[in-house]
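To start, the structure under review is shown below, and the notes come after it.
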Amino acid sequence: MMRIFVDTSEFYALLDRDDGKHEKAKKEWVKFLAGTPSLVTTNYVLLGTLALLQSRLGLKAVRGFQENVFPILKVEFVILELHRAGTAALLSTSKRKLSLVD
């Protein structure tokens, strides 16, 4: 089964109609739902997504995400060992725009 990682920017583009990438995200989302891929994210991404939605779109958007999007996701929880490995990978790349969360 194919696994597709979904990050905060993809969730936000899907949920904010004013986002410049909304239409593309919506089309991709429909394809994902019609196919069989497993949509994967992490608890770090979920925290960032909920904070962004609350800040920019309000609690109604958070509720909609929680009720409609969250149930179809496979969430990988970042434990201490994974956090350490991610931090080490981030530091070894020396890229400023790479995010530990993603």
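Every number here is computed from the coordinates shown, using simple stated rules; none is lab data. None of the values given here were measured: they were computed from a predicted structure. Glycine gets a Cβ as well: all are built from the backbone with ideal geometry, and neighbour counts include every protein chain shown.
Odds and ends about this structure:
- For the pair Ile4 and Ile72, label points projected 7 Å from Cα toward Cβ lie 0.9 nm apart.
- Additional length obtainable on full extension of the chain from Ala88 to Arg56, 0.36 nm per residue less Cα span: 8.4 nm
- Cut-off under 5 Å, modelled amide H: who pairs with Ile4 long-range: Ser38, Leu39, Val40
- Estimated translational D of the stretch 7-49 in µm²/s (Stokes, Kirkwood radius over Cα pairs; 25 °C; 0.890 mPa s): 225
- Lysines with Cα under 21 Å of Lys74, excluding same-chain neighbours fewer than 8 positions away: Lys26, Lys27, Lys31
- Principal axis analysis of the Cα atoms in the stretch 3-93 yields extents of 36, 32, 25 Å, listed in decreasing size.
- Label-to-label distance for Val30 and Arg96 is 3.9 nm, based on points extended 7 Å past Cα in the beta-carbon direction.
- The loop-placed trypsin sites (Lys or Arg not before Pro) in the stretch 6-44, going by DSSP, that have at most 15 neighbouring Cβ atoms within 10 Å of their Cβ come out as Arg17, Lys21.
- Taking a straight Cα-Cα cut-off under 16 Å and skipping sequence neighbours fewer than 8 places away in the same chain, the aspartates and glutamates within cross-link reach of Lys24 are Asp7, Glu10, Asp16.
- The amide H of Leu57, built 1.01 Å from its N in the peptide plane, has no neighbour under 5 Å, considering only residues 5 or more places off or on other chains.
- Filtered trypsin sites (Lys or Arg not before Pro), the stretch 63-102: DSSP coil and at most 10 other beta carbons within 10 Å: Lys95, Arg96, Lys97
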